[in-house]
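*Asks:* The structure under discussion is supplied below as structure tokens; questions concerning it will follow.
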Amino acid sequence: AIDTTDPNDDCDSVGGTPLGTSDCDNDGLTNNEETTGVDDLATTADPNGEITDPNDPDSDDDGITDGQEAIDGTDPNDDCDSVGGTPLGTSDCDNDGLTNDEETTGGTDPENADSDGDGLTDGEEVNNIDDPTTTTESPNGNSDPLDPCDPDAVNTFCNDNDDDGDGLTNDEELILGTDPNDPDSDGDGISDGQEVIDTTDPNYDCDSVGGTPLGISDCDNDVLSYDEETTGVDDIATIANPNGEITDPNDPDSDDDGISDGQEAIDGTNPNDNCDSVGGTQLGASDCDNDGLTYDEETTGGTDPENADSDGDSINDGQEVEDHTDPLDPCDSIGGIVPSGSACDLIIENDLIDHNINEGTFRIKNIESFSDNTVEIYNRWGVIVYETKNYDNSSNVFRGISNGRATLKKSQELPVGIYYYIIKYIVNGNAKSKAGYLYINR
């Protein structure tokens with residue numbers, strides 16, 4: 001309490017000793033494992049004899065915890081030895097006399113002591129200090145650690161000859177990594193020298209000006225080979241069968257629907273048709289349902305880009321747009337057929353109010369589809385006896401009972417006789433009305 005440490009945490013004290021079974025740095029190793037190197041069977045990691053800092057989860061600061069390094073079998077005290085870690089810039093992981101930072105700055109390989117393979121370590125060439133472990137003596141003066149022919153032409157091809165006649169010397173080819181005995185190292189039909197002029201890669205057959213990739217290459221990474229894309233013939237070495245489709249070997253998605261050509265070959269869809277895919281997206285200018293409207297026009301207008309007749313009235317969406325009818329309203333077309341069950345207009349189901357018919361109510365079919373409505377009932381003298389808005393055939397319905405108009409009291413049954421109804425309603429923004437005679441029988 002005086003030290004302001006946690007009396008319930010053995011890892012938090014001034015001068016105290018944590019329990020051996022505790023893991024004070026949360027690295028997956030107990031304190032005992034870290035201080036003795038002896039495995040504790042209760043943990044998933046085995047320190048393998050390595051002594052590490054029990055208060056530092058990453059003793060070598062390579063970004064990988066001591067416990068993970070124990071699991072990986074790497075050295076938790078060596079930042080150059082890890083799986084996925086990052087060595088310190090001041091370390092010299094390849095023991096060539098240059099730090100990792102010096103190598104990355106100078107362009108040499110921090111994991112290869114002799115980046116150019118000329119028999120001298122990178123450190124010897126940069127610092128002009130002889131390394132007694134190499135058989136080649138350091139020259140008098142610095143040399144290029146990236147040039148295998150500097151300082152001495154110790155390699156067979158370190159000369160100005162051009163043995164394959166491709167316009168590059170043997171020395172240049174060694175530096176480029178091309179074959180000094182093959183004028184076209186990548187086999188694309190363009191010589192190595194010409195590719196250097198064209199600034200393309202002489203070691204990559206998919207990168208050239210005017211060349212032809214190897215038939216087995218997959219230049220666009222769509223899992224179809226060049227030959228498969230240009231011939232449509234299956235190559236059993238690949239996982240996809242082009243099924244006779246010719247696609248662009250330089251475009252992984254020939255129809256731009258978001259699904260690669262190879263995946264479409266696997267799915268059995270057409271890689272040249274953006275309307276045919278599994279999970280793809282049609283192009284905005286496409287008309288996949290052939291109704292005369294593009295995908296963009298249909299999504300903007302609210303119609304279905306995969307259904308030529310969105311409202312099912314037998315007239316295509318495109319024709320309805322041309323006719324200035326509503327392609328989303330089955331009741332609005334020129335020459336169409338209204339689908340069964342469509343509520344295009346009101347229908348007076350019965351004009352007789354009788355307890356034995358429709359539970360004694362005035363039924364107006366489809367009235368629910370036109371909720372903006374008013375129903376008025378008049379007696380034979382033209383006096384209104386019933387009036388309501390939002391008539392719905394259920395909770396708001398005429399049962400031959402007055403709702404308080406004229407000389408009748410509210411809820412009083414109207415006498416047997418002839419009445420006159422007027423129904424006013426809105427259809428697609430247009431005001432309509434129906435009127436007729438109504439009979440009440442008791």
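The values are calculated or read from the model by the stated rules, or taken from the named source; none is laboratory data. Source: prediction; values computed, not measured. Here the Cβ positions follow ideal geometry from the backbone for every residue, glycine too, while neighbour counts run over all protein chains shown.
*Asks:* Kindly establish whether residue 52 is surrounded by 15 or more Cβ atoms within 10 Å (Cβ to Cβ), at pLDDT 85 or above and in a helix (DSSP H, G or I).
*Replies:* Spelling it out, it is not the case that residue 52 is surrounded by 15 or more Cβ atoms within 10 Å (Cβ to Cβ), at pLDDT 85 or above and in a helix (DSSP H, G or I).
*Asks:* For segment 57-76, enumerate the residues that are in a loop (DSSP other than H, G, I, E, B) and crowded, with 16+ Cβ neighbours inside 10 Å.
*Replies:* Within segment 57-76, 57, 58, 59, 60, 62, 64, 65, 74, 75, 76 meet the criteria.
*Asks:* Look through 43, 4 and report the one residue that is surrounded by 15 or more Cβ atoms within 10 Å (Cβ to Cβ), among the hydroxyl-bearing types (Ser, Thr, Tyr) and at pLDDT below 90.
*Replies:* Matching residue, one of 43, 4: 43.
*Asks:* Another question, then. With respect to residue 393, is the statement that it is within 30 Å of residue 311 (Cβ to Cβ), assigned to a loop (DSSP other than H, G, I, E, B), not aliphatic (A, V, I, L, M) and not assigned by TED's automatic domain parsing to the domain that holds residue 326 true?
*Replies:* When the stated conditions are applied, residue 393 passes them.
*Asks:* Please go through segment 373-382 and pick out each residue that is surrounded by 12 or more Cβ atoms within 10 Å (Cβ to Cβ) and outside any strand (DSSP E or B).
*Replies:* 379
*Asks:* Can you find, within segment 79-88, the residue that is farthest from residue 146 (Cα to Cα) among those that are touching a Cys at 6+ places or on another chain (Cβ under 9 Å) and surrounded by fewer than 21 Cβ atoms within 10 Å (Cβ to Cβ)?
*Replies:* 81
*Asks:* Could you tell me which numbered condition residue 91 fails, if it satisfies all but one of (1) among the small types (Gly, Ala, Ser); (2) touching a residue at least 40 places away in the same chain (Cβ under 8 Å); (3) surrounded by fewer than 21 Cβ atoms within 10 Å (Cβ to Cβ)?
*Replies:* (2)
Condition check ((1) within 17 Å of residue 57 (Cα to Cα); (2) β-branched (Val, Ile, Thr); (3) at pLDDT below 95) across all residues:
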site: 71; (1), (2), (3): yes, yes, yes
site: 74; (1), (2), (3): yes, yes, yes
site: 79; (1), (2), (3): yes, no, yes
site: 83; (1), (2), (3): yes, yes, yes
site: 89; (1), (2), (3): no, no, yes
site: 93; (1), (2), (3): no, no, yes
site: 100; (1), (2), (3): no, no, yes
site: 106; (1), (2), (3): no, no, yes
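*Asks:* Further, regarding this structure: Checking the conditions here, which among 175, 197 is surrounded by fewer than 21 Cβ atoms within 10 Å (Cβ to Cβ), at pLDDT below 95 and aliphatic (A, V, I, L, M)?
*Replies:* Exactly one of 175, 197 is surrounded by fewer than 21 Cβ atoms within 10 Å (Cβ to Cβ), at pLDDT below 95 and aliphatic (A, V, I, L, M), namely 175.
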